[in-house]
1. Could you pull out every residue, at least 5 positions away or on a different chain, whose amide H is within less than 5 Å of the one on TYR46? Hs are placed 1.01 Å off N in the peptide plane, and Pro or chain starts have none.
2. How long is the gain from MET69 to VAL35 if the chain were fully straight, where each residue apart is worth 0.36 nm and the alpha carbon distance is subtracted?
Amino acid sequence: MTRTTTLLSAAVALAIVAGTAETALAQGMCEQLWVERNSIFKARGYCFKTSRAISYFGNAGCVYDVEAMVPLSPGERARVNQIRAMERQYGCR
């Protein structure tokens, strides 16, 4: 193996590790954003539909089946929109 090949292999390995760390960071951010966004809806009585959200938040006391009907304050609505934009930026699912 030549020195150039060794350096190239090291660079590729470093890029893979950096990419893995970046992916983990994004996934952690996605989780935090998801919890914050859905906590707002939970507090206002939204009835969750996904098994993930129902498992995390439950549906006890829920009132609204349609997300658009949940009575959010202008500040809450703005924060939800901001969170959704960040989720798109991070490629959250």
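1. VAL63, TYR64
2. Here the answer is 10.3 nm.
Bear in mind that the values in this text are calculations on the coordinates, not laboratory data. All of these numbers come straight from a predicted model, not from anything done at the bench.
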